[in-house]
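The values are calculated or read from the model by the stated rules, or taken from the named source; none is laboratory data. Small disclaimer: the values here were computed from a predicted structure and weren't measured. Each accessible area value is taken on the protein alone, full model and side chains, heavy atoms only, with ligands, DNA and RNA left out. Shrake-Rupley method; radii C 1.70, N 1.55, O 1.52, S 1.80 Å.
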Amino acid sequence: MAWVLSRSRAASDAGTTKTEPAAKPARPRRNPLSLVVRFVAMVFAFAFMVAFAVVLARLTLEPSPASVDLTHTNLHPGASLKLYLDQPEMRDAVKQIGGNILLGIPFGILVPIIAPKTRGLLRIALLTAVVMLLVEFAQGALVEGRAFDIDDVILNTSGALIGYLLLGRRLSRAVHKKPTAKKAAAKKA
């Protein structure tokens, strides 16, 4: 009986003792060299993004008076693709489709480096689609000889996803790598 009483008293004593709040883990420190490398990578990515924006603007927002009669607005996904593929010269179809895909690839590579919170297929797809929709709206509304084409948005977004999957995700993780607690503890020791 004494054993039962001592056990119940120990259990009740255990419930009444105050526990100390858990200490927050120390924030791992970054190597100064890795900060410099990260900064340089971000500057290069930003410079390439500006260059990409200039190229994008020159390719898509310059007037094309010679093609005023040839342009048409396309709101039906796949309609322009079908027209491209029905052309007698396959080279023209490859140029149109491949060009639009290639135009999106830098976006998928550079955006996750510049803004790491945009990592992820869905985020890249949504951001690219919104930007390319704005470009297409500007083309259709403001530029002579250009028209809005939903297929261009789809192809540009596909290109961005290809760029993200091939290189953007890995580069972004490399640039924005978080130090692990093990590495920080090893450096302290």
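If amide hydrogens are placed 1.01 Å from N in the peptide plane, which non-local residues have theirs closer than 5 Å to the one on Asp149?
Sorted by chain and number, the residues that satisfy this are Asn74.
Got the relative contact order for region 80-189 handy, in percent, Cα pairs under 8 Å and 6 or more residues apart?
After rounding, I find 36 percent.
Using a 1.4 Å probe, what is the accessible area per residue for region 31-183, in Å²?
It amounts to 62 Å² per residue over region 31-183.
Within region 30-133, what whole-number % of the accessible surface is contributed by carbon and sulfur, with the 1.4 Å probe and all protein chains included in the calculation?
74 percent
Can you work out the Karplus-derived ³J(HN,Hα) for every residue in region 160-168? Use 6.51 cos²θ - 1.76 cosθ + 1.60 with θ = phi - 60°, whole Hz, and x for glycine or proline.
Per residue, the Karplus-derived 3J(HN,Hα) values read 5, 5, 4, x, 5, 5, 6, 9, x Hz.
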